[in-house]
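The structure under discussion appears below in the form of structure tokens.
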Amino acid sequence: VHLTERELQVLQSAAAGKQNKIIADDLKLSQHTVKLHMHHIIAKLGVNNRTEAANWFHGRKFSF
């Protein structure tokens, strides 16, 4: 699975339990852009929702 650096940042924040509004503020993005990133992340990972994407993230070791 190849996620972009920005997608990984969004996923990391989502996996930490942050809401889209907070992620958008933290990363200086619009909420719409965060939603699009989450849509792409979910599709790329082949999961059904944000929770499954977060579980996928927690099961991996990433260094930022």
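The values are calculated or read from the model by the stated rules, or taken from the named source; none is laboratory data. Just so it is clear, the structure is predicted and the values come from calculations on it, not from any experiment. Note that each Cβ is placed from the backbone with ideal geometry, even for glycine, and that neighbours are counted across all protein chains shown. Just the protein is used for accessible areas: all its heavy atoms, side chains included, with ligands, DNA and RNA removed. Shrake-Rupley method; radii C 1.70, N 1.55, O 1.52, S 1.80 Å.
Using θ = phi - 60° and the Karplus curve 6.51 cos²θ - 1.76 cosθ + 1.60, what whole-Hz ³J(HN,Hα) does each residue of segment 45-60 get, with Gly and Pro shown as x?
Karplus-based 3J(HN,Hα) across segment 45-60 equals 7, x, 9, 9, 7, 4, 5, 5, 5, 4, 4, 4, 4, 5, x, 10 Hz.
Just need the Rg to Rh number for the chain, please, alpha carbons only, Kirkwood Rh.
Details: Rg = 10.6 Å, Rh = 11.5 Å.
Radius of gyration relative to Kirkwood radius: 0.92.
Hey, what did the chain get for relative contact order, percent, Cα under 8 Å, at least 6 apart?
With pairs under 8 Å counted, the relative contact order is 38 percent.
In the chain, how many lysine pairs have Cα atoms under 15 Å apart, counting only pairs 8 or more places apart or on different chains?
Counting lysine pairs in the chain gives 4.
What does the accessible area per residue of the chain come to in Å², with a 1.4 Å probe and no ligands, DNA or RNA counted?
Per residue, the chain has 66 Å² of solvent-accessible surface.
Measure off, as a whole percent, the carbon and sulfur share of the 1.4 Å-probe accessible area of the chain, all protein chains present.
50 percent
May I ask you to list the trypsin sites (Lys or Arg not before Pro) in the chain that are in a DSSP loop and have at most 12 other Cβ atoms within 10 Å of their Cβ?
Sparse-neighbourhood loop trypsin sites (Lys or Arg not before Pro): Lys28, Arg60, Lys61.
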